[in-house]
Structure formats: structure tokens, C-alpha cells
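Okay, so here's the structure we're looking at.
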Amino acid sequence: MTGPVPPDPVPLLSLRGLSKTYLRRDGLLTRPRAVAAARDVTLDIARGEVLGIVGESGSGKSTVGRMAMRLLEPTAGAVHLDGADITHLSEQALRPLRHKMQMIFQDPSASLNPRQSIRQILTTPLRLRGVAGADATQEMLETLALVGLGPDVLGRAPSTFSGGQRQRLSIARALLMKPELIVADEAVSALDVCVQAQIVNLFRHLRDRFNLSILFIGHDLAVVGVISDRIAVMYRGTLVEIAPTEQLFRRPRHPYTARLLSAEPRRGVLSAPAPPATPAGQHAPDGCVFSARCPHAADACRTRQPALAPVAPGHRAACIRTDLDLEGILPHSN
Amino acid sequence: MSGGMVSHGVWRRMTAGRGGVISLLYIGSIVFACFCGPFLLPFGPTSIDLHHRFLPPLAHGHVLGTDEIGRDLLARVLRGGRVSLIVGVVSTVLSSLIGTVVGIVAGYRPGGTRFLITTVIDTVLCFPVIFLLLTLAAILHPGLVTIVGIVTLVSWMEVARVAQAQTVLVRQMDYVTAVMAMGAPDRQILFREILPNIAPAIIVSATLNIARAILLESYVSYLGYGIQPPEASWGNLLNNAQEYLESDPWLAVIPGFVIALTVAMFNVLGAALREAIAPGRRA
Ligand SMILES: Nc1ncnc2c1ncn2[C@@H]1O[C@H](COP(=O)(O)OP(=O)(O)O)[C@@H](O)[C@H]1O
Ligand SMILES: [Mg+2]
């Protein structure tokens, strides 16, 4: 759980105040309503770091992941890759940089083209990198071995594989681009517990071996906690807390994080956090996003959303109740 | 490779159902009959025999009888079928190509391009097809090429719509996003990732389009703007038969029946294909 402390002054990926607003029309005659899928999200990922993002379904995790990949245009904010602002690069200008960031998706059945064989699927990244012939085959086989698959898979169709194997193949496809960052959007959420553990281990191994950065998105704090150096907690589009994993587990500073932790069983079965009581985006317009469900809400909480502020070294939370002593799931260190 | 496996499954499911088997058998037979039949018959489609006019079916070796100048009706129906099938298939191939390109571009490029293309499609669809067809037929010089051209012109929109809807659907699949995230050029995304996945829907739509095109050709030829006598087509056989509807009804009934049956069978084939392909979509 304790990863390398980011020594690099320039983070590999830096999200600065990213927001995404959708206009949603509820009925034919109603005026469209702005729904914030993500609001003012700021976070950095260092080289070789695994940053977890947790939050219940609809909290904006995928929105942030896709904006980071420049697969979704942010409404506001900026994405910096290797210190360069890529927010407004045209698709053309972005192409040579795209290989640096690759994505793994949640649904194993939709992530491989059903009309291509595995060989064709894995050839795509190699060809884009200009690798062909014997070199291509060699690299393909090495990468397959790396994700725990043999050469026999090349001639098969995606539909002949299990969910876990398909995720391994997706990872192999991503690795063949030689990325520096992988955005894993709920990459293990659709898998059995046992297979989840294998894939999480695979990610950890890849990070160690290639000094890969991983943005590991999930709704299950127990799973995300196993692999992440730091964890960012999202609630209804807002980043409410970000801290090194151990610190977050030991002493959460945001009541929502505490709530997520208390919902986690101490051992054994993994479970998803409770579903939201109201649809996302329907909190009081000005107050803290969590105020309606927060047991510690004060009057001031209903008037404005607090900014993410440092509460300890490397630890930031968006809560004005800094006086609270919330309970984690690890014993306090002193 | 996987494509082969998928089409193998489609073939198996097609031939497992009654509709698929019957329509395939019928279409196979009618194609064979129209293209090879005329060579096996003792009578040519344009050989006039004024001694044997208006013969009823089965008289003097004329299986379907003869017309007003003694030409063998079976030979003419088969010869006409050749023209009708050629028009149906060729115009469908052309309109499917146009429709696929237009639809795929509209589906892939949201915003201005899509709006423009959808507007054009909707505008063209607003005109009653028959009206458009007859206007074009009246202006242009009649003939095989002309009729293929105008049937194509009025029927590419259907495939375009299917291709567009499918492209929108497939474009947001994770496997397409993954390839976009690699920085692949649009051309590669369209032809290698999207096209193979929308092809089944386009094939179904094209099969149904053959039925429509045959019907359109018959209609135009029937009204006298299409294939011109003495060349036969299913439509102009009907045109010819109008005058003798009361005295010699088989001259109209037989070509009419063949047109109806053929159109119905292409529709059945399209439906069977759709059924056979649908389960494969989930994979
Ligand atoms: N294309 C869209 N149009 C409208 N609302 C959307 C769209 N995509 C996502 N949203 C909304 O944005 C919010 C965040 O979605 P998402 O990022 O997918 O959440 P998560 O990945 O955490 O489950 C949700 O409330 C969702 O309904
Ligand atoms: Mg998601």
C-alpha cells in the first residue's frame, strides 16, 4: 500500500479544475437542466504511481477518466501530460501523444472487436507503432506471456474467452502501445472475486516492471485500496478527499469517506457502497454535495461547497468540519 | 478468421428455419431458371408465331401459353425475370454502396456533417418515391442502364439510415474507443473496426432492398417508362397484358404472380437473415 513518494516535480498527468456539464431535458416541455457530471476536479498522477478513484455509480469517475484520456471534451479545466497542456490540441496534434495513455474498460464483452481474431486485435497497436513482421510476432508473444496467456490464443475469436481472459487481452493490447499511463475504468468490477484479485495483481506487477502510472477507477474501496498508493474519493461529481491509501483508511477526513469505509466489511466478502438516495446532481445548488446525507452537517455546510484543502501532509479534504475525529478501519498510529 | 466463424453460425441458423430454407431454395431456382432456362426451352422469347396466338397454358407445348403474337409466355417470363433480377441486384449493390458510405460518415461525424446528411436523406424521403421515379423516367431515355440508375437514386436512403444508426451504435463501443485512444486514423477506425460490425445489418437491409427494387422496376416498366418492348421485363409483360385482361387473363396473372412471389421471397430471406444475425450481435 505504501508506494513511492512522488519525487518527480512534474507529474505525468495533471488534471486542473476539470468540469463536465451535461444539459439534460427531463420532459419534452421542460427547460434543459445543467447536470454536472464532474466539477472542478484537480489531481496529479506521478510516474509509477497508482492513483485510485472511488465513488458510487454515477459519481463521475468515468467522466474524469475519459476527460483525462482526451476522449471526452471537458467543459472547463485543463489536462497536462508530461507538463504540456493537451486540453486544446486537435485530434491531429494529439495523435502522436495518444500512445502514452491507454484505457482498460469495465465490460469485458465489449472491449474486444467481435469480428476480429486476437491476432488482428493485437496487430492494431503494433501497426500504429510501425512494428511489423517477425518483430511484431515476437512482441505480441512476449506481451501475451506478460499478461499470462499463451501463443495459442492468437487464432481465436474474442467470444471464446472468459471475462478475466478478455481483460488480460485488453491489457495486452494497451501494453503494445508502450503506454506510460493506464486508465483502468472499473477494469475488474465485472469479474468474480477470485479473478479480480488476479487482475489486480497483474496491474501491480506491470506497475513495478514498467514504472507504469495507473489511474485505477472502481466503486469498491476494498479492491481499489489493495492496489492504490493514493486514493481520490468522488461524490456526485466532486472530489471530496484525496490521501495516501493508508492515511485515508486510518483517518478519513471527509464524512463521506468515513461512510464508505464503515460500509466495507472488515474482512472477507467485498461489497459495493450503498446506492445514492437521490439521483446524482440533485443536491442543494450551493451547499456541500454531501450535506443532505451528512450526519455532521452544520448550517454553513448548506450554503457553499468547501474547496479541497490540505488537512495533513499529502492529504486534502473538502470538508469544513476539520474538528471531527472520524473513524477509519486501521488503528490510529498513536 | 472470426468472421468466418460468425458467418458459419449465421448460415446454420438461416438454414435451421423454414423461412430461410424456402426463400433460399426459391431464389436459387428462380435465378437458375431465368439465367439458364431460356437456353433449355424450344421457344425463344422473341420468336413470333402468328399461327399460335393467345394459346392457353399447356397447349401445343407452350407451358404457360402464348401472347398476342404467339411468343411463348414462359420464355418471356424467364427472360423478363433476368432483366428484373439484374435491375434489382445491380441497383441494390449500387445503392448499398452509396448508402453505406453516406450513412457511415453521418454516423461517425456528429455535428454539422451529420445534420446536413440527415437533412438531405429526410428531404429525399419526403418525395413520394413513385412520383420521383416517374419524373426521372419521363425525362431520361428509357433502357436498362437508365432504370438501374433511377432505381438506385431513389433507394439508397434506406441503407444510409441503417448504416448511420448502426455506426452511431458501434462507434461508442469500448473496442472502438480503445482503438481511438491509440491514435488510429479515422479511415482505419471506419473500415477495420466499424464496417465489419455494421455489415450484417447492411446486408439485411440490402436484401429487403432487392425486393423493393424489383417492385419499382416492375412499376416503372408497367407504366411504360422502363424496359421497352420487344425486350421483356416483368413489368412490361403486365403492361402488355392489360388489353387482354378479360379475354386472356393468364397473360397478366402469371407475371403478376411471379413478381409477387419473388418480392415476398426476398422479404422472407431478409427477415430470416435478420433473425439469424441477431443472436450474433450480443457476442
Ligand atoms: N452523455 C451523457 N449525457 C448526460 N449525462 C451523462 C452522460 N454521461 C454521463 N452522464 C452523467 O454524468 C454522471 C457521471 O457519470 P459517470 O462518469 O459515468 O459516473 P461513474 O463512472 O462514476 O459511474 C452521471 O450522473 C451520468 O448520468
Ligand atoms: Mg463508470
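Every number here is computed from the coordinates shown, using simple stated rules; none is lab data. In this text, all values refer to a predicted model and were calculated from it rather than measured experimentally. Reconstructed Cβ throughout: ideal geometry from the backbone, glycine too, with neighbour counts over all protein chains shown.
Sorted from longest to shortest, the spans of the Cα atoms of chain B along the three principal axes equal 77, 44, 27 Å.
Comparing A:Gly148, A:Gly225, A:Gly55 in a Gaussian network model of chain A (Cα springs below 10 Å), the most mobile by mean-square fluctuation is A:Gly148.
Quote the charge dipole size of chain A about the Cα centre in Debye, to the nearest 20; the model charges only the Cβ of Lys and Arg (+1) and of Asp and Glu (-1).
Values: 39 positive and 30 negative charges, 133 e Å.
So the magnitude is around 640 debye.
Roughly what would the spin-label model give for B:Phe127 and A:Asp286, points 7 Å off Cα along C-beta, in nm? Spacing of the two 7 Å Cα→Cβ label points: 6.0 nm. Within the shell defined by Cβ-Cβ distances under 14 Å, the residues around A:Arg33 carry a net charge of +2, with Lys and Arg each +1 and Asp and Glu each -1. Each label was represented as a point 7 Å from its Cα along the Cα-to-Cβ direction; for B:Asp186 and B:Ala59 these points are 6.6 nm apart. Between B:Ser29 and B:Gln172, the C-beta separation translates, for a Förster distance of 35 Å, into a calculated FRET efficiency of about 0.20.
What percent do you get for the relative contact order of segment B:2-277 when only Cα pairs under 8 Å and 6+ apart count?
Working: 385 pairs, mean separation 66.2, N = 276.
For segment B:2-277, the relative contact order is 24 percent.
If you take the beta carbon distance between A:Ala34 and A:Ala93 as r and set R0 to 35 Å, what does 1/(1 + (r/R0)^6) give as a FRET efficiency, to the nearest 0.05? Before the final figure, lay out each step's value.
On the way: r = 30 Å, r/R0 = 0.85.
With R0 = 35 Å, the Cβ-Cβ based efficiency is 0.75.
Note on the protein assembly as shown: dipole from Cβ charges, positive end direction compared against A:Ser117, B:Gly235, A:Thr303; the farthest Cα belongs to A:Thr303. Helical runs assigned H by DSSP (4 residues or longer) give chain A a calculated mean residue ellipticity at 222 nm of -8500 deg cm²/dmol, each run adding -39500 (n - 2.57) before division by the residue total.
Between A:Ser109 and A:Asp152, the contour length at 0.36 nm per residue exceeds the alpha carbon distance by 13.5 nm.
Straight Cα distances below 17 angstrom link A:Lys178 to the lysines A:Lys100, with same-chain residues fewer than 8 positions distant left out. For the protein assembly as shown, a simple Cβ point-charge model (Lys and Arg +1, Asp and Glu -1, everything else neutral) yields a dipole of about 1100 debye relative to the Cα centre. Taken along the Cα-to-beta-carbon direction at a fixed 7 Å, the label points for B:Cys36 and A:Ala298 span 9.3 nm. Net charge around A:Leu239, counting only other residues with Cβ within less than 15 Å of its Cβ (Lys, Arg = +1; Asp, Glu = -1)? Combined, the nearby Lys, Arg, Asp and Glu give +4. Can you give me the long-range amide H partners of B:Leu64? Hydrogens built in the peptide plane at 1.01 Å from N, cutoff under 5 Å, separation of 5 or more residues or another chain. So B:Leu64 has HN proximity to B:Leu58, B:Leu73, B:Leu74.
Listed by number, the DSSP H helices of chain B that run 30 Å or longer by alpha-carbon position along their axis and have mean Kyte hydropathy of at least 0.0 are B:18-40, B:73-108, B:195-222, B:250-282.
Projecting the Cα atoms of B:Ala163, B:Leu64, B:Tyr219 onto the charge dipole of segment B:2-277 (Cβ charges, centred on the Cα centre) puts B:Ala163 farthest toward the positive pole. Straight Cα distances below 17 angstrom link A:Lys61 to the aspartates and glutamates A:Asp40, A:Asp44, A:Glu73, A:Asp107, A:Asp185, A:Glu186, A:Asp220, A:Glu241, B:Asp174, with same-chain residues fewer than 8 positions distant left out.
So if R0 is 56 Å, what FRET efficiency would A:Lys178 and B:Gln228 give, r being the distance between their Cβ atoms, rounded to the nearest 0.05? Don't skip to the end; give the middle numbers.
Values: r = 66 Å, r/R0 = 1.18.
For A:Lys178 and B:Gln228, the calculated efficiency is 0.30.
Charge tally for B:Arg53 (other residues, Cβ to Cβ under 15 Å; Lys, Arg +1; Asp, Glu -1): -4.
Nothing charged except the Cβ atoms of Lys and Arg (+1) and of Asp and Glu (-1): what's the magnitude of the dipole of segment B:2-277 about its Cα centre? Round to the nearest 20 debye. Numbers along the way, then the final one.
On the way: 16 positive and 15 negative charges, 184 e Å.
So the dipole magnitude of segment B:2-277 works out to roughly 880 debye.
Among the residues of A:158-170, the average count of other protein chain beta-carbon atoms within 10 Å of the residue beta-carbon is 1. For the segment B:77-86, counting C-beta atoms of other chains within 10 Å of every residue's C-beta and taking the mean gives 0.
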